Structure formats: C-alpha cells, structure tokens
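To start, I am sharing the structure in question, which I have written as structure tokens.
Coordinate-derived values only; no laboratory data. Every value quoted in this text rests on a predicted model; they were computed, and no experiment measured them. Every residue, glycine among them, receives a Cβ derived from its backbone with ideal geometry; neighbour counts consider all protein chains shown.
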Amino acid sequence: MTEPFQITIDGHPVPVTPGQTIGAALHAAGRRSWRTTRFGGRPRGLFCGIGVCFDCLITVNGRPPERACLLPARPGDEVTT
Amino acid sequence: MLLGDWDLVVIGGGPAGVAGALTAALHGLRVAVVDAGARLGGQYFRHRAAPPHSSTPGFGRFLGQVRALRERAEVLTEHQVWSVTRQVDGRLTVHCAARDGGRERPVALGCRRLLIATGAHDRVLPFPGWDLPGVLTAGGAQALLKGHGVVAGSRVVVAGTGPFLLPVAVGLAEAGARVAGVYEAGGGLGLARHPLRALGKAGEAAGYGVALARHGVPYRTRRAVIAAHGEHELEAVTVARLDRDWRVLGTRRVTCDTLATGYGFIPQIELGVQLGCDTRHDADGSPILAVDHGQRTSVPGVWAAGEPTGVGGWRLAELEGRLAGLSIAAAAAAVAATAPAVAAAAAVPTAANAPVPVPVPVPSVLLRRRRSARAFAAALLEAYPVRSGWQGWLRDDTLVCRCEEVPLARVREAQELGATDARSIKLLARAGMGWCQGRICGYPVACLAGEPPAPPRRPVAQPISLAALAAFDEDGTRTEPHTTEDPA
Amino acid sequence: MSDVIVVGAGVVGAACAYYAARAGLDVTVVDRGPVAGGTTGAGEGNVLVSDKEPGPELDLALLSNRLWRELDRSVGGFEFEAKGGLVVAETADVRLQLADLAAKQGIQHENVPAHALRDLEPHLADGLAGGVLYPQDAQVQPMLAAARLLRHSAGGRGGRLPGGGAVRLRLGVTVTGLLRSGERVSGVRTDQGDLPGGAVVNAAGTWGGRIAALAGVDLPVQPRRGFILVTEPLGEPLIRHKVYTAAYVTNVASDSADLETSAVIEGTPAGTVLIGASRERVGFDRTTSPPVLARLAAQAVALFPVLRDVRVIRSYCGFRPYCPDHLPVIGADPRAPGLYHACGHEGAGIGLAPATGHLLAQLIQGHRPDLDPHPFRPDRFQAEESR
Ligand SMILES: Cc1cc2nc3c(=O)[nH]c(=O)nc-3n(C[C@H](O)[C@@H](O)[C@H](O)COP(=O)(O)OP(=O)(O)OC[C@H]3O[C@@H](n4cnc5c(N)ncnc54)[C@H](O)[C@@H]3O)c2cc1C
Ligand SMILES: Cc1cc2nc3c(=O)[nH]c(=O)nc-3n(C[C@H](O)[C@H](O)[C@H](O)COP(=O)(O)OP(=O)(O)OC[C@H]3O[C@@H](n4cnc5c(N)ncnc54)[C@H](O)[C@@H]3O)c2cc1C
Ligand code: FES
C-alpha cells in the first residue's frame, strides 16, 4: 500500500497517505471534528493525538467507536458522524 | 491457550522499550515487544510509514535497532495492554486487546520477566474553551507532524511550559505553519537565559533560538493562553501576561486556527500500579515507578525504563532501556547458573543457533551517564514548575473533565458536599470516570483538591470489548481468537 | 458535646445522622476519609426488595424502599430511579422456583412468561424461560445519596434544619479508641482529640468489627469482595430495568468463601452499563483478577448478546461488610452500654440505609421501633456460638 487512497466521511471523499490514521487524514483535510459530546453537544476531534484522551472517538464502517488517532485508515473506510 | 512463554515481554516500543528488548535479545533471551501503535518508535521516534523520514537526531540508528530487533524478537504492534497479572509462582501474564482488520481479539502473553516502557503523555491544564477543535496538546501536534506529515494548522500558537515547546514550535514553523508565538508560562528572561543553557545545553537552546528567529516566531515568557475562542472551531486565543504565580496581569487576543499546548508530561505507570510496584513522587510531583540501579521495580520480575521512572527525554529513556536489558539478561543468566533445570526452560532460546545466556555485568559508565542524565532531568523539572495561578483562569462553566463534561462548578459543589480528595471528587462529580479514566483531568483535579496526584489505579488500562474479555478462560489465558471475518 | 457521634460517613452513617438530626439530636459524623469514601463509593446503588428471602431482611428492605422514595422527595439530588427489577430464569424449573419465591415474599410482583420478556427488555437473549418483575426495585447514586443526606441535615442555619439537631461533619479524622465514663461508652478518641458524645454509633461498614473491638466486644464483620465492570457510555439506553439471573439470589445467600458470580446488569443515567456481581472472601485484597472480570463479561454477554461489542472502560472493586448470617447489625450493644451498631449490611447497605438510620434513631431515643430489631441484635453471634 504505497499509493494514496480515499476514505469517506458521510459520503464525502478524504484523501489518505498510506500509513496515516483516520484522525490524521481527517485533520489534514481540514476536518477538525467528527462527533459531539453526550451532554453539551460540543464538537470534538483530535486533542492528544496519541490515544490517551478519547476525544477523537469515531464511527468507522458502522462499528463501535474507536480512537481515530490510533486507527490506521484503510481504503474504502466509511466514517459516519 | 497462552501465546508463548517468553523470557521477557516488553510493553512499549519507544526508545526505552526497543533498547531494552534488543539488549536482552542480543543476550539470548526470547523477547516479545508489544505496542499499541501501528509502528515502533514511541513518541520521539514516531515516523511516517514511508520516507521522507524526519531529521530526528538518532533516527537512523533507531531504525537499525528496529531491524535488528525484528530478526531476534516477536514484535506485536496494534496490541493494547489492558492488564498485567502475576501468579503466585512469579509468572506474569500480559493481557492485550489486538486490533486487526477492525475486529478486536484477546491475546495473552505469558512471561517470566516484564519491562514496562510505556512512556508518558502530555500534561495539560484546563482553561475556558480548551475543548474546542483546533486545540491540541503539544505532543499531539508533534505526533501529527512526525507520524503523518500533517501540519496541525496554518496559524498556530504554542503555549504551556517546558523545553518541549521549542522543538514543537520549530517543527511546525519549518513544516510551513505560521507560528504566531511561543508562550512560556514560566521563566522570566527569555531564550537568552533559557534553563537549557544553565544546564549545559547551550547549543540546543541556541539552535532552537536561531530557528525561531529565522521564521520570525516570537518567544515570550510569563505568558500563557488562558482562553480559547471560536464557534465550532478555534478562531483565536487570549494570551495573558502572568506574574510569578501565574496570576493574570493583562491580556490580548491572538488570532489562530490551532493551539498546541502542554505543561510537561505525565508518566504512564498504571500497569506497574496494577502489579503493585512501589511508586514515588518525581521532582515535579508526578507519581513514578521506583526502580533500583538495574531498573528493577519492587516487584520481582518487573523492570521499568524511560518516562515511567521519571520524565527525562529520549536519550535517558534509551539509556535506561539498555540498562534494563542488561540487568534482565543478568537475572536470566543467574537463574541459568543456579538452577540448570529451570534455566533450560527459562533461558535457552528455541533457535538452535541462538546464544546461550552468559553473566552480564552492567557497565559502570552507563550507570554514571544515567546518574548525570537523571540529575539534568530533575533540574529541568524544577526549572519549569506548574504554578497555582492557573486555577484563576477557570470560570464556573469551564470543563475540568472533558469526557464527562464536568465543569468547575460541579467540582466545587462536590467539595462542598464533603469530597476532600481527588478520589471523592471523582465519585461525587464524575470527573475522571469517563473514557480516559482521568488521564487528562487527573492532574488538574488533584491540584484543585490540593493534593499531589496519586498513582493511577486503572484495573482496565485500555478499553476491551465484553466479547474479548469474556473469551479469557479460567486460568487467565485466552481461548481461541475470533477468526470470523467482519462482514462489513 | 453532641448527643450522637456517628463513626463512618458512608451511606449508612449518613442515614443514621439524618434521622437522628431529624429527631432533634445534635450529631457529629466522623470519618477517616471523605464522605462516601468506603464501600459506599464502590457500590452499585440498587435498592432491592426482590432478592430478599421472606423474613426480617425483607421487612427492613420494604421499610427502606418506602423511606428512599420519601427521601427522594424531601432531599433529592441522588438520581433516584424507580426502574424495577427483572429476575430471569434460564430454565422452566428455575422459573417455577422464582414464582414460588415471589409468592412467599408477598410483595408486588408480576410473573413474566418467556414470550413477554422482550416487551420489558428488548435485547434479552433467546431461550430464557421467563422471569419475575418487581416494580418496587429502585436505584440511587450511592455516593451522592450519602453526601446529600449529610448536606441536607446540616444545610440550614447553624448547621441544622428547622426543628432538627445540628449535624457536624469531621472528615479526615480517624477514630482510635472509645471514651468511657464508668462502664458507659461516652464518646470517641480520635487522632485529632477526644469527641465526647451521649451515644456512639458504629457505622464503619466493613471496618465495623474494628470499632467494636475498640470497645472490647466482638462483631464478626468480614470483607466480601466484589468486582463491577463499567462499560463505555451508550448512545441509547439498551437496558431498562435492573436485570439479574436467579443464580444471584442463591449467591447472595451463600456462605461459601469461594468465588461466585452471577449476572446483574443495569444502565445508569450516565449512559454506562454496570455489570456485577462477584462475591468472594479474600480479605482486603484489591488486586484485579482478570478471570473474575472475564466471568462477569461472559455472563453479561450471555444475557444480553447486544453487549458483545460494547467496551468495558473500567472496573472497580469493593468489600461488602459480611456477617455470617447475612443480616446487618442494628441496635444497642448490651455488652458496651452507649455503643450502638449500624453496620454489616453486606451487599445491601445502600438499599437498607434509610431503614437502618430510622430504626437506630428510634432506639437511641428510647422509642418503640417500627420494626422488631431483635434479629439484628449485636450479641447474636455469641449466643449462637455458645448454643
Ligand atoms: C505525544 C508526545 C510527543 C513527543 N514528542 C517528542 C519529540 O518530538 N521530541 C522529544 O524529544 N520528546 C518528545 N516527547 C517526549 C517523550 O516522552 C520522549 O522523551 C520519548 O519518546 C520517551 O521514550 P519512552 O521510550 O520512555 O516512551 P515512548 O516513546 O512514549 O514510548 C512508549 C510506548 O509505549 C506504548 N504504550 C504505552 N502504553 C501502552 C499499553 N497499555 N499497551 C501497549 N502499548 C503501550 C506507546 O504506544 C508508546 O509507543 C513526546 C511525548 C509525547 C507524549
Ligand atoms: C461491588 C459492590 C456492589 C454493591 N452493590 C450494592 C447495591 O447495588 N445495593 C446495595 O444496597 N448495596 C450494594 N453494595 C453494598 C454496599 O456498598 C454496602 O453495604 C454499603 O455501602 C455499606 O455502607 P456503610 O456506610 O455501612 O459502609 P462504608 O461506606 O464503608 O462506610 C464506612 C465508613 O467508615 C469509615 N471508617 C472506618 N473505620 C474508621 C475509623 N476508625 N475512624 C473513622 N472512620 C472510619 C470509613 O472510612 C468509611 O467511610 C455493594 C458492594 C460492593 C462491594
Ligand atoms: S486524540 Fe486523544 S485519543 Fe485520539
């Protein structure tokens, strides 16, 4: 996997350089938040960048939330918010 | 079924873990290294999947170490360790949640010796707006750059305390970001008198100074970001002038789309705490694992190296990793010498051509180097203390706990209700009960409670699905992994 | 000098202080730690009538259930939820036993046939034989409950409610001995000086035996460890009631020191799911045991397959104050006049706290208690031994 590929967020394409996490790819594409908090509805994206804060939780391919900053992006991954 | 019976399992593939694993493997031990990340490197040697690699000093040598390690040891990436247990006979089991292809799978590693090299994470302080997207930890911004080639923003403010702000700002500026300013809450005299100079690192400080000047980045001391503004994302920050205790003297607004903030580091020691390792407080009050000259913790069979034994940077981490590796090899050789029958099982590698363990002395030159590096690290921690004035930056509605969205007012209310320590603030206000288990809010809550941070008790150190957890059978080992492919 | 010194600021001590103050007595509550820092801080907060065998504990639980509802109205702020409990049976046999028990208990209940289980709990596993619904079962947030009861009692002017006694809270103060005037216990000695009082209430939970020992009397309260798993917060609540299997009832009543686990599952207002319950007598050992956690997880998934992919994000453990006959100790100790006990509630101290406080306040005042306290008398263990 050395060629750039795409993932989507709510159907919109996001380019990925191989080896990037989903969080890094989204942040690079200018997408800085992808969920809202339970009580205050506050937007959240990357914060610690290394899997510690859990701010970046994300739904990929309909699975239970994962940390976007740890999860390597794979071609065709579908992110929903 | 238990995956292997290793002479040594190393948790953490940063400078400390890789050095320790390789050293032990070169002495003939059967070693497995586990790391949560997709690639070895840890924080300092974090790198992109393919070139161009950063110009990180020491990186070439590190890649060499990794190559050598892969030939001699099992490397398990994307394995998150959630628990470590020790049986009465001294055998250790490392419980991981492995992620491959999105599915989570339990993996348990049995071993006789364990090296905890889990590093540290950023220490952050809360302030109004700190949970706006665009506010990142300093290490987070660095990780994006080093690990992904992603520049965190186009107009960036770097703020906090400690020498780590300098490489972060320089890295961002050199990668093309416009760095609007570096705001160091401590110190009084600027780069010319930066503590790195006093500590005999004049060259390093000057190098950062030159780089910042070249990019026209202002470096200001006694300044902090005390508020972040924006509707859905960061648009500007309030930068305050501070007195000695970090109380606000005056403010101005600085436009930016990204803030990288950090107030030092917090060693990740919960796995050691799970095992009952003795802890002590570092120069900055952080709980750390207590180790002897051979990096041995108080629990037999358990070693620790790098940031978990005190924040000291990658060089010290690597040095401690080597020392731990030597000390572990020596322990294995001692077993081999005294109890041949046990040793046959304990230390003889399966590969026929692998070396048989020999007694390993720990060179005193390494011990001396470590002593001076530790002294330097302690001096740096003391040069960049966190002052209590930050508590005055908070408003009643400022979130202290981001996960459970607990504002300062609820913390204060809990204290009114009889919460006299950080733990009872957690029980009454839910600060620290959420996803991150207090990794982020633990430090500020301890400060608000007026106590030094306690060693973290996290019996489940990483989230694990109920199905994966249920798959462990009675004796703490795993049953067959889920091989079912995900239909999605 | 206070009329009453309560040792322990857990939920039981808080309830004792609340009812004593409401009766007009001045109370000092002493705890070596913060409010709710003991077992109350490790409990789940179920207020159950369903799991009690007919007899004195059920009577106490029913009184307490009524009092919790009252307290929700008069004090509030502790997430009281009258959610109801659903006990499910894996086999037809067990289902009959459950129905039998429910009939003997004589409390509000509804037998639920297998096909109706999913109307109550849509995500229950296939193949269950039915169950019993107990609408009175409820839930509180135990730490908040203890804190609010104390706060409320001390909340008015001069630290008292109108017409009530004053309540003073002394946190971070360890009781190291008892004061005596003659035979009578007349206060406590602490690491921060003596606190004289008219009566001393031992509400030290799992450590109640140690307070009793300070008075030279024996009280066999032992720790019975329990682990709880806490899941990630769920987007939508999946579990409506407190749901548990019939095995829970037998485990609660068991005398074995060995590990026993049975599924007890419920959602909380914070969105997390709490999964219990394990019971084992291993002293005060806090070491996490992955096999125990694994068993709890397996039982939870068996009951609610929908939880398979849900993540556990933390676990905690606590030490239930266990007495050999599973009944709490409530009342004056004839062996040490002036000393009262309110401890040893095992896995039901949160549920039973208000009734305990209420009875004890009546006993201290010399009033006729609403319930016969004889089964809970402190010297009953001795009597059994000499028999
Ligand atoms: C985000 C961040 C960025 C940093 N960037 C720099 C930098 O650019 N320059 C610099 O000089 N210093 C940097 N540091 C400081 C850093 O602490 C270095 O000094 C150095 O990386 C420490 O080495 P280490 O081996 O002790 O730990 P680390 O390098 O932190 O390695 C620890 C490893 O353990 C793994 N790990 C931890 N817990 C678990 C677990 N439960 N299960 C599995 N794996 C686990 C982690 O994934 C990590 O790879 C950074 C720190 C942070 C937090
Ligand atoms: C895992 C688990 C789940 C549970 N779930 C439930 C449930 O769902 N429903 C339910 O009703 N019950 C439940 N329980 C049981 C319940 O938590 C206890 O019965 C109850 O909390 C006991 O309250 P307490 O006030 O008697 O004791 P504690 O809360 O332990 O209070 C005793 C206090 O005494 C203090 N103390 C002790 N010695 C001294 C001294 N020398 N000086 C000063 N202070 C002292 C301690 O610091 C402590 O704060 C559960 C228990 C566990 C472990
Ligand atoms: S950004 Fe903190 S966990 Fe991903």
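Per Stokes-Einstein, at 25 °C and 0.890 mPa s, what whole-number D in µm² s⁻¹ belongs to chain C, with the Kirkwood radius over Cα pairs as the hydrodynamic radius? Could the numbers behind the result be given before it?
Working: Rh = 21.2 Å.
Stokes-Einstein gives a translational diffusion coefficient of 116 µm²/s.
May I pose another question? Using a 10 Å cut-off on Cβ to Cβ distances, tally the other chain neighbours for every residue of C:308-321 and report the average as a whole number.
That average works out to 6.
Roughly what % of DSSP beta bridges within the protein assembly as shown run antiparallel, to the nearest 5? Provide the component values of the computation, followed by the final result.
Values: 101 of 157 bridges.
Of all bridge pairs located within the protein assembly as shown, approximately 65 percent are antiparallel.
Helix-only mean residue ellipticity at 222 nm, the protein assembly as shown, DSSP H runs n ≥ 4 weighted -39,500 (n - 2.57), per residue, nearest 500. What is it? Don't skip to the answer; put the middle values down first.
On the way: 25 runs with 272 residues, N = 956.
Helix contribution divided over all residues of the protein assembly as shown: -8500 deg cm²/dmol.
Less than 18 Å from a label point 7 Å out along the Cα-to-Cβ axis of C:Asp59: which backbone N atoms in the stretch C:97-123 qualify, by residue?
Those under the cut-off are C:104-108.
Between C:Ala116 and C:Arg184, what is the label-point separation in nm under the 7 Å Cα-to-beta-carbon projection?
Inter-label distance under the simple model: 5.8 nm.
Another question, then. Under a plain spin-label model, where a point goes 7 Å from the Cα along Cα-to-Cβ, how far apart in nm are B:Arg315 and C:Gln97?
It works out to 6.9 nm between the two label points.
Here's something else I'd like to know. Across the stretch C:75-152, how large is the tail of the calculated P(r) beyond 16 Å, expressed as a percent of all Cα pairs?
More than 16 Å apart: 58 percent of the Cα pairs in the stretch C:75-152.
Over all directions, how big on average is the projection of the convex hull of the alpha-carbon atoms in the stretch B:395-449, in square nanometres?
Over every viewing direction, the Cα hull of the stretch B:395-449 projects on average to 2.9 nm².
Using Cα pairs under 8 angstrom and six or more residues apart, how large is the relative contact order of chain C, in percent? Could you put the intermediate results ahead of the total?
On the way: 934 pairs, mean separation 90.2, N = 387.
About 23 percent, as a whole number.
When all C-alpha to C-alpha distances in the stretch B:124-263 are sorted into bins of 5 Å, what percent of pairs does each bin hold, rounded to whole numbers?
Going from the shortest bin to the longest, the percentages are 2, 11, 22, 24, 21, 13, 5, 1, 0.
Gap in Å between the Cα centre of the stretch B:194-223 and the Cα centre of the stretch C:281-336?
Centre-to-centre (Cα) distance: 55 Å.
Would you mind ranking C:Asp59, C:Asp3, C:Asp51, C:Asp255 so that the residue whose beta carbon has the fewest other beta carbons within 10 Å leads the list?
C:Asp255, C:Asp59, C:Asp3, C:Asp51
Another question, if that's okay. For a quick check: with amide H placed at 1.01 Å from N, whose amide H comes under 5 Å from A:Leu57's, ignoring anything fewer than 5 positions away on the same chain?
A:Ala68
What cysteines in chain B have no other cysteine with a beta carbon less than 4.7 Å from their beta carbon?
B:Cys96, B:Cys111, B:Cys256, B:Cys277, B:Cys403, B:Cys436, B:Cys447
Need one value for B:139-145: mean number of C-beta atoms belonging to other chains within 10 Å of its residues' C-beta atoms.
On the way: counts 4, 12, 2, 2, 9, 9, 2.
Mean number of neighbouring Cβ atoms from other chains: 6.
Can I ask one more? Using only Cα atoms, tell me the angle between helix C:11-22 and the longest principal axis of chain C; keep it within 0 to 90° and round to the nearest 10.
Helix C:11-22 sits roughly 50 degrees off the main axis of chain C.
Another question, if that's okay. For a quick check: with amide H placed at 1.01 Å from N, whose amide H comes under 5 Å from B:Val10's, ignoring anything fewer than 5 positions away on the same chain?
B:Ala32, B:Val33, B:Val34, B:Leu115
While we're on this one: In the protein assembly as shown, how many lysine pairs have Cα atoms under 27 Å apart, counting only pairs 8 or more places apart or on different chains?
For the protein assembly as shown, the number of qualifying lysine pairs is 9.
Then there is this: 5 Å is the cut-off here: which amide hydrogens, built 1.01 Å from N in the peptide plane, fall below it relative to A:Val79, excluding neighbours closer than 5 in sequence?
Placed amide hydrogens put A:Thr8, A:Ile9, A:Asp10, A:Gly11, A:Asn61 under 5 Å from A:Val79.
On to the next question. Over every pair of different alpha-carbon atoms in the stretch C:171-266, take the mean of 1/r and invert it; report that Kirkwood radius in Å.
17.3
Additional query: Relative to the first principal axis of the alpha-carbon coordinates of chain C, what is the inclination of helix C:92-105, with its axis defined by its Cα atoms, in degrees from 0 to 90 and to the nearest 10?
30
Evaluate peptide A:61-73: per residue, the Cβ atoms of other protein chains within 10 Å of its Cβ; return the mean as an integer. All intermediate terms of the calculation are to be shown ahead of the outcome.
Working: counts 3, 1, 6, 10, 6, 5, 5, 0, 6, 6, 4, 8, 0.
Mean shielding count: 5.
Next up: Under 17 Å from a label point 7 Å along Cα→Cβ of C:Arg308: give me every residue in the stretch C:95-123 with its amide N that close.
C:123
In nm, to one decimal, how far is the B:Ser388 label point from the C:Ala257 one, both placed 7 Å along Cα→Cβ?
4.8
Kirkwood Rh and Cα-based Rg: tell me the resulting Rg over Rh for the protein assembly as shown, rounded to two decimals.
Using only Cα positions, Rg/Rh for the protein assembly as shown is 0.99.
So in chain B, what percent of DSSP beta bridges are antiparallel if you round to the nearest 5?
If we restrict to bridges inside chain B, about 55 percent are antiparallel.
Taking only Cα atoms, what is the 0 to 90° angle, nearest 10, from helix B:165-174's long axis to the longest principal axis of chain B?
Tilt of helix B:165-174: around 80 degrees.
Could I ask something else about it? Averaging sequence separations of C-alpha pairs under 8 Å and six or more residues apart, then dividing by the length of the stretch A:5-80, give the relative contact order as a whole percent.
Relative contact order comes out at 37 percent.
With unit charges on the beta carbon (Lys/Arg positive, Asp/Glu negative), name the residue among B:Cys436, B:Trp303, B:Ser54 whose Cα is farthest towards the positive pole of the charge dipole of chain B.
After comparing all options, I get B:Ser54.
Could you go through the stretch B:110-123 in sequence order and give the Karplus-derived ³J(HN,Hα) for each residue, using 6.51 cos²θ - 1.76 cosθ + 1.60 with θ = phi - 60°, rounded to whole Hz, and x for Gly and Pro?
x, 7, 9, 9, 9, 10, 8, 9, 8, x, 9, 10, 4, 9
On to the next question. Taking θ as phi - 60°, what are the ³J(HN,Hα) couplings along the stretch B:241-251 by the Karplus curve (6.51, -1.76, 1.60), each to the nearest whole Hz, with x for Gly and Pro?
Per residue, the Karplus-derived 3J(HN,Hα) values read 7, 10, 8, 4, 9, 6, 7, 6, 9, x, 9 Hz.
So, one more: For the stretch B:1-123, what does the relative contact order come out to in percent, with C-alpha contacts under 8 Å and a separation of six or more?
Contact order relative to length: 36 percent.
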